[in-house]
1. Within the stretch 40-59, which residues are at pLDDT 85 or above and crowded, with 16+ Cβ neighbours inside 10 Å?
2. Please go through the stretch 60-69 and pick out each residue that is assigned to a helix (DSSP H, G or I) and surrounded by 15 or more Cβ atoms within 10 Å (Cβ to Cβ).
3. Which members of the stretch 149-178 meet the condition of being of a type in the set (Lys, Arg) and at pLDDT 95 or above?
4. Go over the candidates ILE29, ILE39, ILE43 one by one and state the one that is part of a helix (DSSP H, G or I), within 21 Å of VAL112 (Cα to Cα) and out of contact with any His (no Cβ under 9 Å at 6 or more places or on another chain).
5. Mind listing whichever residues of the stretch 71-102 are assigned to a helix (DSSP H, G or I) and more than 17 Å from ALA33 (Cα to Cα)?
6. Does TRP114 qualify as being over 16 Å from SER38 (Cα atoms), exposed (fewer than 14 other Cβ atoms within 10 Å of the Cβ) and out of contact with any Lys or Arg (no Cβ under 9 Å at 6 or more places or on another chain)?
7. Hey, could you check the stretch 121-138 for residues that are assigned to a helix (DSSP H, G or I) and modelled with pLDDT under 90 and say which is nearest to LEU11 (Cα to Cα)?
8. Would you check which residues across the stretch 1-45 are aliphatic (A, V, I, L, M), within 8 Å of the chain's Cα centre (by Cα) and over 16 Å from ALA154 (Cα atoms) and list them?
Amino acid sequence: MIIGHLPAGYLVAKAFAGRLVAGGRNTAIFVCAALLGSIFPDIDWLYFFWIDHQHHHHHTYWTHYPIVWAALTLGCAAWMRLRKDSALAPLGFIFALNGFVHLLLDTFTGPVWWLAPFVDEPFSLFIVGRTYELWWLNFVLNWSFLLETALLAAAVIVYVRDRQRRHRVLGRLMIPPS
């Protein structure tokens, strides 16, 4: 995935915001936590390029271990159950959940070590071949990029509809009674 993680993170945030953000307050912070979680596993690119010098696939680092994101998600879910008044628990939950969603999306066209660190075996639904020298062209010019553009389109639609709805509500509130 190249462009699909952020739109997917936004969609997941919007799906959970109504249940996890009290009274609509702090929705922006909730969405920001979701967006950060949706791309956080790829922070390993820094290590991949600057320290490891591309010797290992970046999905083999701990930031791409599903067990890490599953444990964080379950831990934050338990935290929300135990501390219903906590403002941080929903932020941690949406961050971790989107980290896990990131790995689900990566599995679509790239290897993810789902049983790491216990089993060194990658899993992938489809393989994107190396046709072009620039690695990202292999993804952008592959049929699977349609999934990413669909995620982006869906996120834009949800965003525009939400803004239109808020605009209508605010417009009704500002109209003076006759």
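1. Taking the stretch 40-59 first, the residues at pLDDT 85 or above are 40-44, 46.
Correct list: PHE40, PRO41, ASP42, ASP44.
2. At the first step, the residues of the stretch 60-69 found to be assigned to a helix (DSSP H, G or I) are 60, 62-64, 66-69.
Answer for the stretch 60-69, where residues must be assigned to a helix (DSSP H, G or I) and surrounded by 15 or more Cβ atoms within 10 Å (Cβ to Cβ): THR60, THR63, HIS64, PRO66, VAL68, TRP69.
3. Passing the criteria: only ARG161.
4. Result: ILE43 is the single residue among ILE29, ILE39, ILE43 that is part of a helix (DSSP H, G or I), within 21 Å of VAL112 (Cα to Cα) and out of contact with any His (no Cβ under 9 Å at 6 or more places or on another chain).
5. ALA71, ALA78, ARG81, LEU82 - these are the residues of the stretch 71-102 that are assigned to a helix (DSSP H, G or I) and more than 17 Å from ALA33 (Cα to Cα).
6. On the way: over 16 Å from SER38 (Cα atoms): yes; exposed (fewer than 14 other Cβ atoms within 10 Å of the Cβ): no; out of contact with any Lys or Arg (no Cβ under 9 Å at 6 or more places or on another chain): yes.
So TRP114 does not fit the description; no.
7. Of everything passing the filter in the stretch 121-138, TRP136 is nearest to LEU11 (Cα to Cα).
8. The first filter runs over the stretch 1-45 and keeps only residues aliphatic (A, V, I, L, M), leaving 1-3, 6, 8, 11-13, 15, 17, 20-22, 28-29, 31, 33-36, 39, 43.
Next, only the ones that are within 8 Å of the chain's Cα centre (by Cα) stay: 6, 8, 12, 34-36, 39.
Within the stretch 1-45, ALA34, LEU36, ILE39 qualify.
The values are calculated or read from the model by the stated rules, or taken from the named source; none is laboratory data. In this text, all values refer to a predicted model and were calculated from it rather than measured experimentally. Using ideal geometry, Cβ is built from the backbone for each residue, glycine included, and neighbour counts are taken over all protein chains shown.
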